[in-house]
Each structure stands twice: as C-alpha cells, then as structure tokens.
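In what follows, a structure is listed as structure tokens, so that the remarks can point back to it.
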Amino acid sequence: MRITLCGSAKFENEFHEYNEKLTLAGHVVYGLAAYPSKHSNNKDWYTEEQKQTLDLIHFAKIDNSDAIVILNLNGYIGFSTRREIEYARIKEKKEFYIENAKHEEHVKSLLR
C-alpha cells in the first residue's frame with residue numbers, strides 16, 4: 001500500500017519511527033519533506049511561500065497514496081493536519097490513526 005504520514009512536524013521522531021515500521025512491513029511511505037530539528041526547532045523555519053509549497057507537495061503525496069496514517073499523539077490534530085485529513089476524505093483515501101479508538105481502521109493492521 002502507498003501511505004502518506006500526516007501530523008504535526010513536532011512529532012518528528014514518530015514520523016521517522018512509523019516511516020521505518022511501515023516500510024519494513026512492505027508499504028511505500030511518504031513523509032514530510034522538512035523537519036524543524038534541521039532548523040534549530042525554530043517556529044519560523046520556513047517562509048509563508050515555502051509553507052505553501054510544502055503543503056501542495058504533501059497534498060500531491062496524498063493524491064499518490066491509497067491511505068493516510070495520522071500521527072495524532074495525545075489526540076493532537078492541528079490545523080494543517082485537519083486540512084490534510086479533509087483533503088484525503090475528498091479523495092476517498094483510507095484513514096489510519098495512531099491514537100483514536102473511535103476509528104475502525106487502526107494502524108496496527110498495517111504493521112502485520
């Protein structure tokens with residue numbers, strides 16, 4: 001399956017962890033193109049134009065995916081992630097959540 005990881009860049013460690021786990025389970029995984037740790041964890045690590053470019057590229061990754069995996073640690077889903085989820089729903093992609101018992105499809109099923 002082709003999967004795009006979605007979630008806050010503050011969950012960088014989890015992005016790396018799930019990229020590896022899902023890849024080793026045989027999936028093609030798309031992640032973030034840039035991480036704040038490469039920029040001294042500064043909130044302003046990109047310009048508004050660069051943010052728009054990153055967002056458009058991430059939507060293209062969703063287009064090329066069968067599903068999204070949402071890294072919603074501690075139930076956190078920010079504004080950008082909500083937009084990605086809505087975009088994925090419009091495109092009729094499957095949704096898997098790291099932490100969310102009310103969704104029937106769970107990421108653990110992808111790791112088998």
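The values are calculated or read from the model by the stated rules, or taken from the named source; none is laboratory data. What you see is a predicted model, and the numbers here were worked out from it, not measured in a lab. Every residue, glycine among them, receives a Cβ derived from its backbone with ideal geometry; neighbour counts consider all protein chains shown.
For region 15-34, name all the residues that are surrounded by fewer than 18 Cβ atoms within 10 Å (Cβ to Cβ) and not aliphatic (A, V, I, L, M).
Pass one, region 15-34, residues surrounded by fewer than 18 Cβ atoms within 10 Å (Cβ to Cβ): 16-17, 20-21, 23-26, 28, 33-34.
Correct list: His16, Glu17, Glu20, Lys21, Thr23, Gly26.
Which of the residues belonging to region 1-49 are of a type in the set (A, V, I, L, M), in a loop (DSSP other than H, G, I, E, B) and at pLDDT 90 or above?
Of the residues in region 1-49, the ones of a type in the set (A, V, I, L, M) are 1, 3, 5, 9, 22, 24-25, 28-29, 32-34.
Those still in the list that are in a loop (DSSP other than H, G, I, E, B) too: 1, 25, 32-34.
Of everything in region 1-49, those that are of a type in the set (A, V, I, L, M), in a loop (DSSP other than H, G, I, E, B) and at pLDDT 90 or above turn out to be Met1, Ala25, Leu32.
Tally time: how many residues in region 79-94 are part of a helix (DSSP H, G or I) and closer than 20 Å to Val29 by Cα? Step through it out loud before you land on a result.
First, pick out the residues of region 79-94 that are part of a helix (DSSP H, G or I): 79-90.
Now drop any that are not closer than 20 Å to Val29 by Cα, which leaves 80-89.
The total comes to 10.
Does Val69 meet the test of being modelled with pLDDT under 90 and within 13 Å of the chain's Cα centre (by Cα)?
Working: modelled with pLDDT under 90: no; within 13 Å of the chain's Cα centre (by Cα): yes.
No.
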Checklist entry - Out of region 79-90, which residues are in contact with a strand residue (DSSP E or B) (Cβ under 8 Å, 6 or more places away or on another chain) and loosely packed, with under 15 Cβ neighbours inside 10 Å? => result Arg89
Checklist entry - Of all residues in region 50-78 being part of a helix (DSSP H, G or I), touching a residue at least 12 places away in the same chain (Cβ under 8 Å) and of a type in the set (A, V, I, L, M, F, W, C), which is surrounded by the most Cβ atoms within 10 Å (Cβ to Cβ)? => result Ile62
